[in-house]
Amino acid sequence: MNFELTKYIPVIDFLAEVLGEHTEIVLQEIYQEEAGYVSSVVYIKHNISGRKIGAPGTDFVAKIIKSQEFKTKDYIVNYTGRSAQGHLLRSSSMFLKDTDDNLIGMLCINIDDSQLVKMSSLFNMGLQMLEGYLVDNQKNIQDNARVHVQENMYLSPDTSLEDAIYEFTGNKNIILSQMSKKKKKAIVSHLYDNGFFELKDSISKTATIFSMSEVSIYKYLQEIKEEK
């Protein structure tokens, strides 16, 4: 093996650990003799292609050498490969070069996607089964869009009261501190009816929003309870 290729072995071991057993990683050595280029497998992890050390390079290697594509690219990714057993693989190759930019090897990653293909097939079957259900329930979905919302999701406790007030007034630009007592009391009544004052710190937060004292909010609540 070309000594310059040995530095890639720890990288291959690392990738093999990260990518798992369904991913084969191969180091191929390439060098030129008078009769032409020689290519062979010199290191392999997670063998799923059926090759062994010393196995010849692929026809892809031959095409790369003929086209000299390695001179303008550093790698090619996600092309289709085929194992010796006929399994289709998703393959990618990195071109390894010496200091003179000569091709000395290729680091190849071959991924067996057959399990994903099976899962995709099952998923598509599930979608077909759901299609009829979704069509049958389209009317219900449209009806639900007109149903009164009974639960609102808030991003934080600090915004829950503000959102509830704006929902009631229908105007986010309104200046609450300048509203009349009657309107403020109507909002407090709305909050009371919806249980907001059962929540922690709701009195103080409401007072802050209205720029009023907590005592004033308590008075509003007392009046509202008496009226009810």
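What follows draws every value from the coordinates through simple rules; no lab data is involved. Note that the structure is predicted; figures quoted are calculated from it, not measured. Heads up, the Cβs are rebuilt from the backbone with ideal geometry, glycines too, and the neighbour counts pull from every protein chain shown.
Worth pointing out:
- Around Ile104: net Lys/Arg minus Asp/Glu count, Cβ-Cβ under 9 Å: -2
- For Ile76, neighbours were defined as the other residues whose beta-carbon sits under 15 Å from its Cβ, and their charges (Lys and Arg +1, Asp and Glu -1) total +3.
- When each of the peptides 198-209, 101-112 is scored by the mean number of other C-beta atoms lying within 10 Å of its residues, the order from highest to lowest reads 101-112, 198-209.
- Length gained on full extension, Tyr75 to Asn194: 36.6 nm, using 0.36 nm per residue less the C-alpha separation.
- Exposure proxy for Phe3, Phe14, Phe70, Phe60: other Cβ atoms within 10 Å of each Cβ, ordered fewest to most, give Phe3, Phe14, Phe60, Phe70.
- The Cβ shell under 13 Å around Lys219 holds other residues with a net charge of 0, Lys and Arg each +1, Asp and Glu each -1.
- Checking the Cα-Cα distances for Lys45/Lys66; Lys200/Lys225; Lys52/Lys73 against a 25 Å cut-off, the pairs over it are Lys45/Lys66; Lys52/Lys73.
- Radius ratio Rg over Rh of the stretch 3-114, counting only Cα atoms, Kirkwood formula for Rh: 0.94
- By other beta-carbon atoms within 10 Å, ranking Glu167, Glu227 with the fewest at the front produces Glu227, Glu167.
- Three-way shape call for the stretch 157-227 based on the alpha-carbon gyration tensor, with the a/c threshold at 1.5: rounded
- Taking a straight line from the alpha carbon of Lys182, these aspartates and glutamates sit under 19 Å away, with near neighbours fewer than eight places off in the same chain left out: Glu162, Glu167, Asp193, Glu214, Glu223, Glu226, Glu227.
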